[in-house]
Structure formats: structure tokens, C-alpha cells
1. Please arrange Trp46, Trp177 by accessible surface area, largest first, computed with a 1.4 Å probe and ligands excluded.
2. Does region 105-146 come out rounded, prolate or oblate, given a ≥ b ≥ c as the square roots of the eigenvalues of its C-alpha gyration tensor, rounded meaning a/c under 1.5 and, failing that, prolate meaning a/b above b/c?
3. May I ask you to derive the relative contact order of region 76-138, considering only C-alpha pairs under 8 Å and at least 6 residues apart, and to give it as an integer percent?
4. Over the chain, with every protein chain in place, what whole percent of the accessible area is carbon and sulfur at 1.4 Å, could you tell me?
5. When the dipole is taken about the Cα centre of region 46-196, and only Lys, Arg (+1) and Asp, Glu (-1) are charged at their Cβ, what size is it in debye, to the nearest 20?
6. Tell me the Kirkwood radius of region 198-242: reciprocal of the mean inverse pair distance over distinct alpha-carbon atoms, in Å.
7. By the gyration tensor of its Cα atoms, with a ≥ b ≥ c the square roots of the eigenvalues, what is the shape of region 125-191: rounded for a/c under 1.5, prolate for a/b over b/c, or oblate?
8. Below 8 Å between Cα atoms, with a sequence gap of 6+, how large is the relative contact order for the chain in percent?
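The values are calculated or read from the model by the stated rules, or taken from the named source; none is laboratory data. The structure presented is a predicted model; accordingly, all values stated were derived computationally and were not measured. Ideal geometry is used to build each Cβ from the backbone, glycine not excepted, and the neighbour counts take in all protein chains shown. Each accessible area value is taken on the protein alone, full model and side chains, heavy atoms only, with ligands, DNA and RNA left out. Shrake-Rupley method; radii C 1.70, N 1.55, O 1.52, S 1.80 Å.
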Amino acid sequence: MLMTTSEPVGADGLDESEAAALYRLMTWLSPAFPVGGFSYSSGIEWAVEAGDIVDTATLSDWLDAMLGDGPGFCDATFLVHAYRAAEAGDKTALNDVAELAAAFVPSRERQLETSSQGRAFIDIARAAWDADGLDAMVSACRTPPVYPVAVGVVAAQHRVALAPTLHAFLHALVSNWISAASRLVPLGQTDSQRVLVRLEAAVAATANRALNATLDDLGSATFRADLASLRHEAQYTRLFRS
């Protein structure tokens with residue numbers, strides 16, 4: 001279930017609380033939600049130019065590594081801990097998570113990517129999807145929440161369950177990476193879906209790992225992807241901001 005509720009679940013569908021939670025997740029993590037994700041490639045643009053990504057196989061391998069050994073796992077873990085701190089009303093813990101998440105970003109462009117999306121997510125949530133206590137939780141973060149922290153805080157304040165929030169977040173993250181690659185390699189729509197199919201198990205595994213991870217488990221070993229993010233800044237021609 002997407003939300004803890006005492007309402008009975010009918011045989012024909014979701015109860016009111018579960019339907020509301022699903023509706024919000026599908027909205028917040030849709031490509032149409034205006035956080036500007038389409039503007040960023042997380043270094044994939046440089047990887048394509050350098051010849052590291054040339055087809056569906058190399059894209060799948062690259063994204064699998066980013067999920068399990070790089071920003072995918074790290075962002076998922078930050079979302080989990082931000083959610084739990086916000087759910088508990090622990091402002092000190094939430095501020096600590098927000099500061100660590102911001103410090104963990106390996107390049108200036110990735111910092112721009114995650115901080116701008118986090119800011120947009122919070123602003124839109126306040127304007128259209130406000131919830132009791134949201135302002136207080138955001139204000140507790142002396143460092144502006146980066147994207148995964150923002151998603152965790154908003155979902156917790158709306159009482160949308162953590163596990164589906166995390167899976168939806170990772171699906172949206174991978175979908176945005178694939179969308180960028182589809183324009184850069186380029187790939188057709190069917191090939192893009194094949195990559196998404198290949199990464200289904202990796203998304204589930206990363207989510208389950210993050211749900212059980214402590215902040216001490218954080219770490220990244222995607223050096224080539226970090227290098228791509230650093231070198232993108234000086235790339236001669238660019239379609240994306242990162």
C-alpha cells in the first residue's frame with residue numbers, strides 16, 4: 001500500500017488515501033512536473049562525445065553503474081534518511097542529512113543540477129501541494145535541500161509511504177538519464193524502452209539497498225561518470241546544463 005490508512009480496501013480498487021498517494025507520486029515524479037530535469041544529463045553528454053556511450057549496451061552498463069555504485073544509490077539513501085527525519089519531526093537530523101547530501105555532489109554542474117531541481121520541487125510543492133508542517137521542515141535545513149532530500153521531505157509531510165516514493169524517484173531518475181541519452185546517441189523510442197527494461201532489476205535492488213543503508217554506508221565508485229560531469233563544463237558544444 002502507498003499510504004498507511006485505517007480505511008478498508010475494497011475489492012475493486014484503492015481506497016481514498018491510497019489513490020491520493022499514487023496520484024501525487026505520479027504527478028511529482030512525472031517528466032511533466034516542472035523541476036527542469038530535461039535540462040540535465042548528469043555528465044552523459046560528455047560520455048557520449050568521448051565514445052563511452054554509443055548504443056543501448058554501453059548506455060545500460062553506464063547507468064547500471066551510476067545506479068548501484070554512484071549517484072543513484074547515494075541519492076536514494078539521502079531520500080530515505082530525509083524522509084525518516086521529516087516523518088519523525090527531527091529537525092536536527094534533517095539538517096544534517098541536507099548538509100551531507102549537498103556536500104556529497106562531485107562537481108559544480110551536478111551541484112547546479114540537484115540544487116536547482118530541489119529548489120523547484122519545494123517551491124512547486126509549497127505553491128500547489130502544500131502540507132501541514134512542510135514549511136517548518138524546509139526551514140530546518142540551513143543548507144537548501146537538494147533534489148532527493150526535497151522529495152523525501154515532501155513525501156513524508158504528505159504521508160506517502162517511503163518504499164513506493166523511493167522506487168518512483170529512482171524510476172524517474174533513470175528515465176531522465178535515458179531521455180538525455182536518446183537525444184545524444186541518438187536512440188529510438190523502442191531502444192530507450194529496452195534500456196529501461198534492462199535496468200528494472202537494478203532499480204529495485206538499489207531501492208532495497210538504500211532502505212537498509214545507514215549514512216555510513218554512503219560511497220561512490222563511478223570515477224568515469226564523475227570525470228564526465230567535471231569535463232562537461234568545458235565541453236565545446238552542449239545541449240544540456242550538466
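1. Numbers: Trp46 30, Trp177 5 Å².
Greatest to least solvent exposure: Trp46, Trp177.
2. Details: a/c = 4.52, a/b = 1.84, b/c = 2.46.
Cα axes put region 105-146 in the oblate bin.
3. On the way: 20 pairs, mean separation 18.9, N = 63.
It comes to 30 percent, rounded to a whole number.
4. Details: 5970 of 11300 Å².
With neighbouring chains kept in place, the figure for the chain is 53 percent.
5. Numbers: 10 positive and 18 negative charges, 67 e Å.
I would put it at about 320 debye.
6. On the way: mean 1/r = 0.0755 Å⁻¹.
For region 198-242, the Kirkwood estimate is 13.2 Å.
7. On the way: a/c = 3.09, a/b = 2.28, b/c = 1.36.
Verdict is prolate for region 125-191.
8. Working: 338 pairs, mean separation 87.6, N = 242.
For the chain, the relative contact order is 36 percent.
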